[in-house]
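The values are calculated or read from the model by the stated rules, or taken from the named source; none is laboratory data. Everything numeric here is computed off the predicted structure, so don't read it as measured data. Cβ: placed from backbone, ideal geometry, glycine included. Neighbour counts: every protein chain shown.
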Amino acid sequence: MPKRAIIVGAGAGGLSAAVDLAAAGWEVDVFETNAEPGGKMHQRRVGEVGIDGGPTVFTMHWVFDELFKRAGAVFDNRVRLTESRRLARHAWTDGSHLDLFHDIDQSAQAIADFSDERNAQGYRRFCDDGELVHNLLRDNFMATSQPSPIRLGYRLLRDGGLRSLAVAPHRSLWNALGNYFSDPRLRQLYGRYATYVGSSPLSTPSTLMLIAHVERQGVWCVDGGMRALAHAMADLATEHGARFHFESPVRKINCTNGRATGITLSSGKSVSADAIIFNGDAAALSNGLLGDDVLKSTRIRERQARGLSAITWCINATTSGFELDHHNVFFASDYEREFTTIFKSRSVCNEPTVYVCAQDRVNNMHITDGKERLLLLINAPADGDHGAWTRPKLEQQRRSALSVLTRCGLNLDFAEEDCVTTSPDNWHQRFPGSGGSLYGAASHGMFSSFSRPSSGTRIKGLYLAGGSAHPGPGVPMATLSGSIAARHIQHDAA
């Protein structure tokens, strides 16, 4: 008789776990509060159009290739992708702008024209070191169960020799960038990669330079948005027998004799299983939101340790003055103050960096006439459980963000009904226990990568997946976490 697994949450980690376990012959039931799969991969309805309101960057193609291959499918036959020739457009309030590309020579020339030859050479060294970090950590850390610092150090020395000392995380990304770039704008640009894992470049380890290498390996736009990726993963799991139960919130995870044995739904119905994967923010367990039985399954996360939240605006607008691409970043001048304001003052500065995803543009093509779908995002503290963001406060933040865009040359024209706002308290409601953090814990300090919960918990039969667990946040990493949890379950059941 096949063993049965219950997955709580249909985000990227839960979906990949469902694919792997169902393909391995397990009975799989996925219980999801919302009406469709995806978790943070979701769309907001703005008038007559849907706008991606969460992740917008598709990278690490190999993660999804391998997942679909294990389930007997070809990823590129299920999800339509368009590779973006330009990684992103970057603009500053001083009027300067810089486009970056996959091709190192093309980007180096762009940097030389934007800054000078010295910074272009620094960029080439940055690329070499980022590739080294990525190649050493991909198989030794990202795709494996969380190793200890000693075991990881052994693996790195074994595979990389003395060059592996370059990945030592004792320096912050911000300080390390000074070795490559004398131009403060370039330090600002590459420091932004820390925000991909919900962190400050002032405090996160220098190893995160690997994210820039990941982007150079390819950035794609998903036809239908990231929501389409979630549906493709759910469809694949369903083909192998997984059952999805939407609008079915879980009230409690049940234990018998210290082992997780099932769940109780908000409806009062109980369902038993041989293994349970929790694909939500791990803090929901330690905060008691899934019942007293699993209260001590993971460590408590303090408020100060949370990763970034965000304020987002999904807008259907007309644009002028700046030619957008799919991914665009608009910088003010004082980047350090932005992060000290968030992590120390627990507020948002009045000149925030603004990310704009122009969802109807790719490779210099604008696929709609007139209005276009935009996601605007600024970073914010994850204090969504410490009071609601009032409308006047959110309106002030929007004015600040739009002011940065205007000073960089971009003008937006939209009606109030064509703008939908999401604030940290909204994110907290959507992902209970998170405080609004979109990334779990912040990756601050040299041992931060080892402080994330692993797939196993202190309770037998209960496992973790998602961006708050190893190997970390982001759609590809959360997808890896689900596969790691699935392997862990099968190993324990063998």
- Report yes if some residue within region 467-484 is within 15 Å of Ala273 (Cβ to Cβ) and not charged (D, E, K, R); otherwise report no. no
- Query: Restricting attention to region 270-304, which residues are of a type outside the set (S, T, N, Q), crowded, with 22+ Cβ neighbours inside 10 Å and under 23 Å from Lys40 (Cβ atoms)?
  - Reply: Ile276, Ile277, Phe278, Gly280, Asp281, Ala282, Ala283, Leu285, Leu290, Val294, Arg301
- Message: Could you go through region 305-314 and let me know if any residue there is touching a Lys or Arg at 6+ places or on another chain (Cβ under 8 Å), surrounded by fewer than 19 Cβ atoms within 10 Å (Cβ to Cβ), modelled with pLDDT of 95 or more and not small (Gly, Ala, Ser).
- Response: no
- Query: Can you tell me which residues in region 299-317 are part of a loop (DSSP other than H, G, I, E, B) and either charged (D, E, K, R) or more than 21 Å from the chain's Cα centre (by Cα) (or both)?
  - Reply: Arg299, Ile300, Arg301, Glu302
- Could you list all residues from region 286-321 that are basic (Lys, Arg) and out of contact with any helix residue (DSSP H, G or I) (no Cβ under 9 Å at 6 or more places or on another chain)? Arg303
- Task: Looking only at region 242-261, decide whether some residue is assigned to a helix (DSSP H, G or I) and closer than 24 Å to Met477 by Cα.
- Result: no
- When Arg44 is run through (1) under 30 Å from Asp334 (Cα atoms); (2) in a strand (DSSP E or B); (3) touching a Cys at 6+ places or on another chain (Cβ under 8 Å); (4) of a type outside the set (Phe, Trp, Tyr), the failure sits at (1)
- Of these, Ser16, Ser84, Ser96, which one is touching a His at 6+ places or on another chain (Cβ under 7 Å) and polar (S, T, N, Q)? Ser84
- Selection from region 381-422 of residues that are farther than 26 Å from Arg361 by Cβ and in contact (Cβ under 8 Å) with a residue 12 or more places away in the chain: Pro381, Ala382, Asp383, Gly384, Asp385, His386, Gly387, Ala388, Trp389, Leu394
- Out of curiosity, is Asp113 within 30 Å of Gly482 (Cβ to Cβ), at pLDDT 95 or above and acidic (Asp, Glu)? no
- Inspect all residues belonging to region 409-424 and state whether any of them is within 15 Å of Gly307 (Cβ to Cβ), in a loop (DSSP other than H, G, I, E, B) and either of a type in the set (Ser, Thr, Tyr) or at pLDDT below 95 (or both). no
- Message: Can you pull out every residue in region 376-408 that is in a loop (DSSP other than H, G, I, E, B) and touching a helix residue (DSSP H, G or I) at 6+ places or on another chain (Cβ under 7 Å)?
- Response: Pro381, Ala382, Asp383, Gly384, Asp385, Ala388, Trp389
